[in-house]
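Have a look at the structure below before the remarks.
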Amino acid sequence: MFGDEIREYTNKWMDQNYLIGAFKPSCNISITLSDAKTRKQVPMKKENGQTLMVPLFHSQENIAGKISIEPLQGKKVDHIGVKVELLGQIEMYFDRGNFYDFASLVRELDVPGEIYERKTYPFEFSTVEMPYETYNGVNVRLRYVLKVTVTLGYAGSIIEYQDFMVSNYYPPPSINNSIKMEVGIEECLHIEFEYNKSKYHLKDVIIGKIYFLLVKIKIKNMDLEIRRRESTGSGANTRVETETLAKFELMDGAPVRGESIPIRLFLSPYELTPTHCNINNKFNVKYYLNLVLVDEEDRRYFKQQEITIYRLQESS
């Protein structure tokens, strides 16, 4: 009786492993870019928290290379077509697994046939329009990927992916007005603040001043925050997430009337992205400077001002 149970368990284990083996890919697929040795590599964080290095591209560049398909030893690949796609995709995290393709280019690499040994296919996508930057946010991600598909008919498909990142440069804005605002509480507090401009590149410096015109409440401290607001979806599915990316202490102690506090905040230490406005009607990413005053009773007063962040061409 005991021996029968062992045989039954062994047979089930063998059946399971046979099924698993049956669905193993019959070949290995590799993607190699033509300029892999000279192309800049940048870190990209995966969903599992791990970081991998991927190639960096800019819009209007050529993406070319070769794809190798190598059958496993003793096997052949009987396929009905091989293709490579360049995809730009947006995924909402409340709708995981469903990708919206805003860019899709296809190159057919092979007609139906059989592959007995390693076979290599060259491919090229010329002057590719990639208008949006790669973005990995709280509720949404925008990614670019090369997708190789070996279609096996009734047996399904064998698919391999190669992620890459896209960033785009912009010239300095021709008009970049300063920000001047007044804020106050009637007969208690009146301040003016000024920032040197309203549009900043990722490595820029925020320079400004705060003037105290009337101070009748006891201010304990004052901070300047950089906040990122990500909004996704629309209507009932709209989601808004606000993150405080930087907090810079401007003053510790009570100011007096007529006092002036300088502001000098470097952006380069912080993980900022460019401002993203209405990306394919799917999401927005905006940045704000938030001035926060705290009095001795821990009451908070704040004034928020939107700024624009862009990526400036790095000097070589």
Given unit charges at Cβ for Lys, Arg (+) and Asp, Glu (-), the dipole magnitude of the chain about its Cα centre in debye, nearest 20, is 500 debye
Filtered pair list for the stretch 27-166 (Lys only, Cα < 16 Å, 8 or more apart or interchain) has a length of 8
per DSSP, antiparallel bridges as share of beta bridges in the chain, % nearest 5, sits at 95 percent
Over all Cα pairs of the stretch 83-219, the Kirkwood radius sets Rh, and Rg/Rh then becomes 1.28
Subtracting the Cα-Cα distance of SER260 and ASN168 from 0.36 nm times their residue separation yields 29.3 nm
At R0 = 30 Å the Cβ-Cβ FRET efficiency linking LYS199 and THR127, nearest 0.05, sits at 0.60
For the pair LYS45 and THR151, the simple spin-label estimate (label points 7 Å beyond Cα toward Cβ) gives in nm 3.8 nm
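When the Kirkwood hydrodynamic radius is evaluated over all pairs of different C-alpha atoms of the stretch 27-166, what value in angstrom, to one decimal, is obtained? Could you put the intermediate results ahead of the total?
Details: mean 1/r = 0.0616 Å⁻¹.
Taking the inverse mean of 1/r over all distinct Cα pairs, the stretch 27-166 comes out at 16.2 Å.
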The answer for trypsin sites (Lys or Arg not before Pro) in the stretch 87-133 that fall in a DSSP coil and have at most 12 neighbouring Cβ atoms within 10 Å is ARG96, ARG118
Largest fluctuation, THR38, THR275, THR134 only, Gaussian network model of the chain with Cα springs under 10 angstrom, belongs to THR38
Under the 7 Å Cα-to-Cβ spin-label approximation, ALA236 and MET53 lie apart by a distance in nanometres of 4.8 nm
Rounded to the nearest 0.05, FRET efficiency between GLU296 and ILE207 (Cβ-Cβ, R0 35 Å) equals 0.75
Residue separation between LYS216 and ARG229 times 0.36 nm, minus their alpha-carbon distance, gives in nm 1.4 nm
If exposed means chymotrypsin sites (Phe, Trp or Tyr not before Pro) lying in a DSSP loop and surrounded by at most 15 other beta carbons within 10 Å, then the longest stretch of the chain lacking such sites spans residues 170-269
Expressed in angstrom and rounded, the centroid-to-centroid distance over alpha carbons for the stretch 180-222 and the stretch 47-80 is 52 Å
Filtered hits (lysines, Cα-Cα < 21 Å from LYS199, offset >= 8 within chain) -> LYS180, LYS209, LYS247, LYS286, LYS303
Computed for the stretch 50-176: size of charge dipole around the Cα centre, +1 on C-beta of each Lys and Arg, -1 on C-beta of each Asp and Glu, debye to nearest 20, value 220 debye
FRET efficiency (MET181, GLU271; Cβ distance; R0 30 Å; to 0.05) is 0.65
Cα extents of the stretch 179-310 per principal axis, largest first, Å, are 49, 34, 22
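Contour minus end-to-end for CYS188 and LYS37, with contour as 0.36 nm per residue of separation and end-to-end as the Cα-Cα distance?
Gain on stretching CYS188 to LYS37: 48.0 nm.
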Per residue, accessible area of the chain with a 1.4 Å probe, heavy atoms of protein chains only, in Å², comes to 59 Å²
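List the GluC sites (Glu not before Pro) within the stretch 177-252 that fall in a DSSP loop (any state other than H, G, I, E or B) and whose Cβ has at most 12 other Cβ atoms within 10 Å.
For GluC sites (Glu not before Pro) across the stretch 177-252 that sit outside H, G, I, E and B with at most 12 neighbouring Cβ atoms in 10 Å, the list reads GLU186, GLU187.
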Cα-Cα pairs in the chain separated by more than 27 Å, as a whole percent of all pairs, come to 60 percent
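The values are calculated or read from the model by the stated rules, or taken from the named source; none is laboratory data. Note that this is a predicted model, so its numbers are computed, not measured. As a convention, Cβ positions derive from the backbone with ideal geometry for all residues, glycine included, and neighbour counts pool all protein chains shown. With ligands, DNA and RNA removed, areas are computed over all heavy atoms of the protein, side chains included. Shrake-Rupley method; radii C 1.70, N 1.55, O 1.52, S 1.80 Å.
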